[in-house]
1. When you scan segment 230-245, how many residues do you find that are assigned to a loop (DSSP other than H, G, I, E, B) and either over 23 Å from Thr299 (Cβ atoms) or touching a residue at least 12 places away in the same chain (Cβ under 8 Å) (or both)?
2. Only one residue in Val186, Val119 is touching a Gly at 6+ places or on another chain (Cβ under 9 Å) and either over 30 Å from Gly307 (Cβ atoms) or β-branched (Val, Ile, Thr) (or both), so which one is that?
3. Name the helices (runs of 4 or more DSSP H) wholly inside segment 27-143 in which the number of residues that are polar (S, T, N, Q) is 2 or more.
4. Do the conditions hold for Val186, that is, is it β-branched (Val, Ile, Thr) and in the same structural domain as Val294 (by TED's automatic domain parsing)?
5. Suppose we filter Arg333, Arg286, Arg305 for residues that are closer than 20 Å to Ala194 by Cα and not assigned by TED's automatic domain parsing to the domain that holds Glu163; which single one remains?
6. Any idea which of Glu253, Glu266, Glu323, Glu343 is free of Cβ contacts under 8 Å to residues at least 60 places away in the same chain and closer than 24 Å to Asp62 by Cβ?
7. Within segment 308-339, track down each residue that is hydroxyl-bearing (Ser, Thr, Tyr) and either assigned to a loop (DSSP other than H, G, I, E, B) or surrounded by fewer than 21 Cβ atoms within 10 Å (Cβ to Cβ) (or both).
8. Scan segment 237-278 residue by residue and report those that are of a type in the set (D, E, K, R) and closer than 20 Å to Thr325 by Cβ.
Amino acid sequence: MRFLFRILIFLLSIIAASAFLYAEKPTRAQAQSSSGSKRLATVDGVPITETQARMEGAKDLDALELQTLKAKAVAARNEHQILEEALDRIIEEKLLRAEAEKRGISKEDLLSMEVEQKVSEPTPAEIDAFYTENQQRIARPKEEAAPQISRYLKQQRERDIRESFFEKLEKEHRVERLQEPLRYDVNAAGRPSAGSASAPVLLVLFSDFQCPYCKRFSGTIKEVLKQYGPKVHLVFRQFPLTDIHANAQKAAEASLCADAQGHFWEMHDLLFQNQGNLRDQDLKDRASRLGLDVSAFNTCLDSGRYGGKIEEDIRAGSAAGVEGTPALFVNGRFLYGSRPYEEVAKVIDEELKTKK
(Lines give C-alpha, C1' and ligand atoms only; values in the text may rest on other atoms or scores of the structure.)
Protein backbone atom coordinates (compact mmCIF):
# COMPACT_ATOMS: atom_id res chain seq x y z
CA MET A 1 0.00 0.00 0.00
CA ARG A 2 2.82 2.36 0.92
CA PHE A 3 4.56 1.43 -2.38
CA LEU A 4 1.43 2.30 -4.40
CA PHE A 5 1.18 5.61 -2.56
CA ARG A 6 4.79 6.49 -3.52
CA ILE A 7 4.08 5.68 -7.20
CA LEU A 8 1.01 7.94 -7.08
CA ILE A 9 3.04 10.81 -5.64
CA PHE A 10 5.72 10.31 -8.32
CA LEU A 11 3.14 10.38 -11.13
CA LEU A 12 1.50 13.54 -9.73
CA SER A 13 4.89 15.28 -9.55
CA ILE A 14 5.54 14.45 -13.22
CA ILE A 15 2.11 15.84 -14.22
CA ALA A 16 2.70 19.05 -12.23
CA ALA A 17 6.16 19.56 -13.76
CA SER A 18 4.74 19.08 -17.25
CA ALA A 19 1.96 21.58 -16.59
CA PHE A 20 4.55 24.10 -15.34
CA LEU A 21 6.70 23.67 -18.44
CA TYR A 22 3.75 24.10 -20.80
CA ALA A 23 2.50 27.09 -18.84
CA GLU A 24 5.88 28.82 -19.03
CA LYS A 25 6.42 28.12 -22.73
CA PRO A 26 3.87 29.85 -25.01
CA THR A 27 2.65 28.18 -28.14
CA ARG A 28 4.17 29.18 -31.48
CA ALA A 29 1.03 31.09 -32.44
CA GLN A 30 1.11 32.97 -29.14
CA ALA A 31 4.78 33.82 -29.60
CA GLN A 32 4.14 35.10 -33.13
CA SER A 33 1.18 37.22 -31.99
CA SER A 34 3.02 38.72 -29.03
CA SER A 35 6.07 39.59 -31.11
CA GLY A 36 3.99 41.09 -33.92
CA SER A 37 5.42 38.51 -36.37
CA LYS A 38 2.22 36.53 -36.78
CA ARG A 39 1.88 35.41 -40.39
CA LEU A 40 -1.10 36.88 -42.21
CA ALA A 41 -0.23 35.66 -45.72
CA THR A 42 2.56 34.28 -47.91
CA VAL A 43 3.65 35.14 -51.45
CA ASP A 44 5.82 32.53 -53.16
CA GLY A 45 6.45 31.10 -49.73
CA VAL A 46 7.64 34.44 -48.29
CA PRO A 47 5.56 35.40 -45.23
CA ILE A 48 3.75 38.72 -44.74
CA THR A 49 3.49 39.46 -41.02
CA GLU A 50 1.10 41.46 -38.89
CA THR A 51 3.94 43.90 -38.18
CA GLN A 52 4.28 44.62 -41.90
CA ALA A 53 0.53 45.09 -42.26
CA ARG A 54 0.46 47.48 -39.31
CA MET A 55 3.32 49.50 -40.78
CA GLU A 56 1.51 49.70 -44.11
CA GLY A 57 -1.76 50.77 -42.45
CA ALA A 58 -0.16 52.99 -39.78
CA LYS A 59 -1.87 56.18 -40.95
CA ASP A 60 -5.33 54.60 -41.03
CA LEU A 61 -4.73 52.84 -37.70
CA ASP A 62 -3.74 56.16 -36.09
CA ALA A 63 -6.90 57.76 -37.47
CA LEU A 64 -8.96 54.87 -36.11
CA GLU A 65 -7.35 55.25 -32.68
CA LEU A 66 -8.19 58.97 -32.60
CA GLN A 67 -11.74 58.18 -33.70
CA THR A 68 -12.07 55.62 -30.90
CA LEU A 69 -10.73 58.06 -28.30
CA LYS A 70 -13.24 60.70 -29.44
CA ALA A 71 -16.12 58.22 -29.43
CA LYS A 72 -15.40 57.18 -25.83
CA ALA A 73 -15.21 60.80 -24.66
CA VAL A 74 -18.36 61.80 -26.54
CA ALA A 75 -20.25 58.81 -25.10
CA ALA A 76 -19.22 59.81 -21.57
CA ARG A 77 -20.29 63.40 -22.23
CA ASN A 78 -23.63 62.34 -23.71
CA GLU A 79 -24.34 60.05 -20.75
CA HIS A 80 -23.56 62.85 -18.31
CA GLN A 81 -25.78 65.26 -20.25
CA ILE A 82 -28.70 62.81 -20.31
CA LEU A 83 -28.48 62.35 -16.54
CA GLU A 84 -28.14 66.11 -16.02
CA GLU A 85 -31.21 66.88 -18.14
CA ALA A 86 -33.21 64.14 -16.45
CA LEU A 87 -32.26 65.55 -13.06
CA ASP A 88 -33.29 69.04 -14.20
CA ARG A 89 -36.72 67.77 -15.25
CA ILE A 90 -37.28 66.02 -11.92
CA ILE A 91 -36.21 69.11 -9.95
CA GLU A 92 -38.38 71.44 -12.06
CA GLU A 93 -41.41 69.19 -11.63
CA LYS A 94 -40.98 69.13 -7.85
CA LEU A 95 -40.45 72.89 -7.71
CA LEU A 96 -43.53 73.60 -9.83
CA ARG A 97 -45.68 71.31 -7.71
CA ALA A 98 -44.46 72.82 -4.46
CA GLU A 99 -44.83 76.44 -5.62
CA ALA A 100 -48.24 75.81 -7.20
CA GLU A 101 -49.52 74.24 -3.98
CA LYS A 102 -48.15 77.17 -1.98
CA ARG A 103 -50.03 79.67 -4.18
CA GLY A 104 -53.12 77.53 -4.54
CA ILE A 105 -53.04 77.41 -8.35
CA SER A 106 -52.27 74.81 -11.00
CA LYS A 107 -48.78 74.22 -12.39
CA GLU A 108 -50.01 75.35 -15.83
CA ASP A 109 -51.32 78.64 -14.46
CA LEU A 110 -48.07 79.18 -12.55
CA LEU A 111 -45.96 78.75 -15.70
CA SER A 112 -48.31 80.97 -17.68
CA MET A 113 -48.16 83.72 -15.05
CA GLU A 114 -44.39 83.62 -14.41
CA VAL A 115 -43.08 82.79 -17.88
CA GLU A 116 -45.44 82.88 -20.86
CA GLN A 117 -47.17 86.18 -20.02
CA LYS A 118 -43.82 87.90 -19.49
CA VAL A 119 -42.46 87.07 -22.97
CA SER A 120 -42.81 90.10 -25.23
CA GLU A 121 -42.61 90.13 -29.02
CA PRO A 122 -39.26 91.26 -30.49
CA THR A 123 -39.36 94.80 -31.87
CA PRO A 124 -38.41 95.64 -35.47
CA ALA A 125 -35.27 97.33 -34.12
CA GLU A 126 -34.22 94.15 -32.30
CA ILE A 127 -34.80 92.07 -35.45
CA ASP A 128 -32.78 94.56 -37.52
CA ALA A 129 -29.92 94.50 -34.99
CA PHE A 130 -29.82 90.69 -34.96
CA TYR A 131 -29.86 90.52 -38.76
CA THR A 132 -27.05 93.06 -39.08
CA GLU A 133 -24.89 91.20 -36.54
CA ASN A 134 -25.44 87.79 -38.17
CA GLN A 135 -25.89 88.72 -41.82
CA GLN A 136 -23.00 86.61 -43.09
CA ARG A 137 -24.42 83.46 -41.52
CA ILE A 138 -28.04 84.12 -42.49
CA ALA A 139 -27.28 84.76 -46.19
CA ARG A 140 -30.92 85.70 -46.99
CA PRO A 141 -32.75 89.02 -47.48
CA LYS A 142 -33.88 90.58 -44.20
CA GLU A 143 -37.56 90.58 -45.19
CA GLU A 144 -37.43 86.84 -45.84
CA ALA A 145 -35.50 86.02 -42.66
CA ALA A 146 -37.41 88.39 -40.32
CA PRO A 147 -40.20 85.92 -39.23
CA GLN A 148 -37.63 83.24 -38.34
CA ILE A 149 -35.46 85.77 -36.49
CA SER A 150 -38.52 86.96 -34.56
CA ARG A 151 -39.39 83.39 -33.49
CA TYR A 152 -35.79 82.71 -32.47
CA LEU A 153 -35.54 85.88 -30.37
CA LYS A 154 -38.87 85.15 -28.71
CA GLN A 155 -37.83 81.56 -27.88
CA GLN A 156 -34.53 82.82 -26.49
CA ARG A 157 -36.34 85.40 -24.37
CA GLU A 158 -38.75 82.74 -23.06
CA ARG A 159 -35.84 80.46 -22.20
CA ASP A 160 -34.07 83.23 -20.28
CA ILE A 161 -37.21 84.12 -18.33
CA ARG A 162 -37.87 80.45 -17.55
CA GLU A 163 -34.29 79.93 -16.33
CA SER A 164 -34.49 83.00 -14.10
CA PHE A 165 -37.79 81.81 -12.65
CA PHE A 166 -36.46 78.36 -11.78
CA GLU A 167 -33.23 79.80 -10.37
CA LYS A 168 -35.41 81.89 -8.03
CA LEU A 169 -37.44 78.81 -7.06
CA GLU A 170 -34.28 76.79 -6.37
CA LYS A 171 -33.11 79.40 -3.87
CA GLU A 172 -36.50 79.62 -2.16
CA HIS A 173 -36.91 75.86 -1.88
CA ARG A 174 -33.28 75.21 -0.86
CA VAL A 175 -32.28 72.97 -3.77
CA GLU A 176 -28.85 71.41 -3.33
CA ARG A 177 -27.28 69.99 -6.47
CA LEU A 178 -24.74 67.25 -5.77
CA GLN A 179 -23.98 66.03 -9.30
CA GLU A 180 -20.39 66.88 -10.18
CA PRO A 181 -19.61 68.41 -13.59
CA LEU A 182 -17.87 66.11 -16.06
CA ARG A 183 -14.18 67.02 -16.19
CA TYR A 184 -11.34 66.02 -18.51
CA ASP A 185 -7.63 66.09 -17.71
CA VAL A 186 -6.25 68.21 -20.57
CA ASN A 187 -3.50 70.22 -18.88
CA ALA A 188 0.03 69.84 -20.23
CA ALA A 189 3.37 71.16 -19.12
CA GLY A 190 5.52 73.04 -21.58
CA ARG A 191 2.66 74.52 -23.59
CA PRO A 192 2.28 78.28 -24.24
CA SER A 193 0.39 79.91 -21.39
CA ALA A 194 -0.72 83.21 -19.91
CA GLY A 195 -1.56 84.21 -16.35
CA SER A 196 -0.53 82.81 -13.00
CA ALA A 197 -0.02 79.03 -12.86
CA SER A 198 -1.44 79.12 -9.31
CA ALA A 199 -4.77 80.66 -10.43
CA PRO A 200 -7.89 78.84 -9.16
CA VAL A 201 -9.32 78.47 -12.68
CA LEU A 202 -7.40 76.71 -15.44
CA LEU A 203 -8.44 77.42 -19.02
CA VAL A 204 -7.14 75.02 -21.67
CA LEU A 205 -7.89 76.11 -25.23
CA PHE A 206 -7.60 73.86 -28.30
CA SER A 207 -7.43 76.04 -31.38
CA ASP A 208 -6.66 76.21 -35.12
CA PHE A 209 -5.02 79.30 -36.63
CA GLN A 210 -6.91 78.93 -39.91
CA CYS A 211 -10.32 78.56 -38.23
CA PRO A 212 -12.46 81.74 -38.45
CA TYR A 213 -14.40 80.80 -35.31
CA CYS A 214 -11.12 80.48 -33.42
CA LYS A 215 -10.18 83.99 -34.53
CA ARG A 216 -13.47 85.33 -33.19
CA PHE A 217 -13.13 83.37 -29.95
CA SER A 218 -9.60 84.68 -29.39
CA GLY A 219 -11.19 88.07 -28.71
CA THR A 220 -13.45 86.48 -26.09
CA ILE A 221 -10.45 84.84 -24.43
CA LYS A 222 -8.60 88.17 -24.30
CA GLU A 223 -11.60 89.73 -22.59
CA VAL A 224 -11.69 86.86 -20.08
CA LEU A 225 -8.01 87.37 -19.25
CA LYS A 226 -8.58 91.11 -18.88
CA GLN A 227 -11.61 90.79 -16.61
CA TYR A 228 -10.45 87.90 -14.40
CA GLY A 229 -6.72 88.68 -14.23
CA PRO A 230 -4.92 86.55 -11.62
CA LYS A 231 -7.97 84.31 -11.14
CA VAL A 232 -7.41 82.46 -14.42
CA HIS A 233 -4.50 80.68 -16.11
CA LEU A 234 -4.69 80.01 -19.86
CA VAL A 235 -2.91 77.13 -21.63
CA PHE A 236 -2.93 77.04 -25.44
CA ARG A 237 -2.93 73.67 -27.21
CA GLN A 238 -2.84 73.01 -30.94
CA PHE A 239 -5.64 71.29 -32.85
CA PRO A 240 -5.14 72.00 -36.58
CA LEU A 241 -8.01 70.68 -38.68
CA THR A 242 -5.84 69.63 -41.59
CA ASP A 243 -8.69 68.00 -43.55
CA ILE A 244 -10.27 71.41 -44.16
CA HIS A 245 -7.45 73.86 -43.38
CA ALA A 246 -4.43 73.15 -45.57
CA ASN A 247 -2.14 75.64 -43.83
CA ALA A 248 -3.19 75.04 -40.23
CA GLN A 249 -0.44 72.54 -39.42
CA LYS A 250 2.41 74.81 -40.50
CA ALA A 251 0.79 77.79 -38.77
CA ALA A 252 0.70 75.75 -35.56
CA GLU A 253 4.37 74.87 -36.00
CA ALA A 254 5.19 78.54 -36.63
CA SER A 255 3.57 79.55 -33.36
CA LEU A 256 5.70 77.03 -31.47
CA CYS A 257 8.87 78.08 -33.29
CA ALA A 258 8.10 81.64 -32.18
CA ASP A 259 7.41 80.35 -28.67
CA ALA A 260 10.93 78.88 -28.61
CA GLN A 261 12.16 82.48 -28.91
CA GLY A 262 9.69 83.79 -26.30
CA HIS A 263 7.18 85.35 -28.72
CA PHE A 264 4.26 82.93 -28.90
CA TRP A 265 1.47 85.41 -28.18
CA GLU A 266 2.80 87.99 -30.62
CA MET A 267 2.87 85.34 -33.37
CA HIS A 268 -0.55 84.11 -32.19
CA ASP A 269 -2.03 87.55 -32.85
CA LEU A 270 -0.31 87.96 -36.23
CA LEU A 271 -1.52 84.55 -37.43
CA PHE A 272 -5.12 85.38 -36.58
CA GLN A 273 -4.91 88.86 -38.10
CA ASN A 274 -4.56 87.51 -41.64
CA GLN A 275 -5.78 83.94 -41.94
CA GLY A 276 -5.72 84.09 -45.74
CA ASN A 277 -1.92 84.18 -45.89
CA LEU A 278 -0.51 81.26 -43.94
CA ARG A 279 1.85 79.66 -46.43
CA ASP A 280 5.42 78.93 -45.39
CA GLN A 281 6.84 82.18 -46.77
CA ASP A 282 4.02 84.17 -45.13
CA LEU A 283 4.93 82.61 -41.80
CA LYS A 284 8.61 83.43 -42.26
CA ASP A 285 7.70 87.02 -43.13
CA ARG A 286 5.79 87.28 -39.86
CA ALA A 287 8.85 86.08 -37.96
CA SER A 288 10.84 88.86 -39.59
CA ARG A 289 8.18 91.43 -38.66
CA LEU A 290 8.42 90.32 -35.03
CA GLY A 291 12.20 90.75 -35.05
CA LEU A 292 12.89 87.08 -34.37
CA ASP A 293 16.09 85.26 -35.23
CA VAL A 294 14.86 84.52 -38.74
CA SER A 295 17.49 81.91 -39.53
CA ALA A 296 16.65 79.90 -36.41
CA PHE A 297 12.93 80.32 -37.06
CA ASN A 298 13.21 79.16 -40.67
CA THR A 299 15.26 76.12 -39.68
CA CYS A 300 12.69 75.26 -37.02
CA LEU A 301 9.76 75.63 -39.41
CA ASP A 302 11.35 73.72 -42.30
CA SER A 303 12.40 70.82 -40.06
CA GLY A 304 8.93 70.22 -38.63
CA ARG A 305 10.55 70.18 -35.19
CA TYR A 306 7.28 70.53 -33.28
CA GLY A 307 5.17 68.10 -35.30
CA GLY A 308 5.31 65.54 -32.49
CA LYS A 309 4.15 68.03 -29.89
CA ILE A 310 1.21 69.01 -32.10
CA GLU A 311 0.29 65.33 -32.48
CA GLU A 312 0.31 65.02 -28.70
CA ASP A 313 -2.12 67.95 -28.47
CA ILE A 314 -4.42 66.41 -31.08
CA ARG A 315 -4.43 63.09 -29.23
CA ALA A 316 -5.15 64.80 -25.89
CA GLY A 317 -7.97 66.80 -27.41
CA SER A 318 -9.45 63.72 -29.10
CA ALA A 319 -9.36 61.80 -25.80
CA ALA A 320 -11.39 64.65 -24.29
CA GLY A 321 -13.96 64.62 -27.10
CA VAL A 322 -12.68 67.55 -29.16
CA GLU A 323 -14.00 67.21 -32.71
CA GLY A 324 -13.72 70.81 -33.90
CA THR A 325 -12.38 74.18 -32.85
CA PRO A 326 -12.36 76.23 -30.79
CA ALA A 327 -12.73 73.97 -27.75
CA LEU A 328 -12.27 75.39 -24.25
CA PHE A 329 -11.94 73.48 -20.98
CA VAL A 330 -12.63 75.41 -17.77
CA ASN A 331 -11.09 73.38 -14.94
CA GLY A 332 -11.70 70.39 -17.19
CA ARG A 333 -15.31 71.33 -18.08
CA PHE A 334 -15.85 71.23 -21.84
CA LEU A 335 -17.22 74.24 -23.76
CA TYR A 336 -17.37 73.67 -27.51
CA GLY A 337 -17.46 76.38 -30.16
CA SER A 338 -17.13 80.15 -30.19
CA ARG A 339 -19.18 80.82 -27.05
CA PRO A 340 -20.04 84.40 -26.08
CA TYR A 341 -18.16 85.97 -23.19
CA GLU A 342 -21.20 85.71 -20.87
CA GLU A 343 -21.35 81.91 -21.18
CA VAL A 344 -17.65 81.46 -20.47
CA ALA A 345 -17.83 83.91 -17.55
CA LYS A 346 -20.77 82.01 -16.06
CA VAL A 347 -18.77 78.76 -15.90
CA ILE A 348 -15.71 80.56 -14.51
CA ASP A 349 -17.87 82.16 -11.80
CA GLU A 350 -19.25 78.74 -10.88
CA GLU A 351 -15.73 77.37 -10.55
CA LEU A 352 -14.60 80.34 -8.45
CA LYS A 353 -17.61 79.83 -6.18
CA THR A 354 -16.74 76.14 -5.83
CA LYS A 355 -13.13 76.96 -4.97
CA LYS A 356 -14.27 79.30 -2.21
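The values are calculated or read from the model by the stated rules, or taken from the named source; none is laboratory data. All of these numbers come straight from a predicted model, not from anything done at the bench. With ideal geometry, Cβ positions are generated from the backbone for all residues, glycine too; neighbour counts draw on all protein chains shown.
1. 6
2. Details: Val119 fails: touching a Gly at 6+ places or on another chain (Cβ under 9 Å).
Answer to the check: Val186.
3. Working: elements: 28-35, 50-56, 58-103, 107-114, 124-133, 135-138.
Per the criteria, 28-35, 50-56, 58-103, 135-138.
4. Values: β-branched (Val, Ile, Thr): yes; in the same structural domain as Val294 (by TED's automatic domain parsing): no.
In short, no.
5. Details: Arg286 fails: closer than 20 Å to Ala194 by Cα; Arg305 fails: closer than 20 Å to Ala194 by Cα.
Every option except Arg333 fails the conditions.
6. One residue alone meets the criteria, Glu253.
7. Kept after step one, since they are hydroxyl-bearing (Ser, Thr, Tyr), are these residues of segment 308-339: 318, 325, 336, 338.
Within segment 308-339, Thr325, Tyr336, Ser338 qualify.
8. Filtering segment 237-278 for residues of a type in the set (D, E, K, R) gives 237, 243, 250, 253, 259, 266, 269.
Result: Arg237, Asp243, Lys250, Glu253, Asp259, Asp269.
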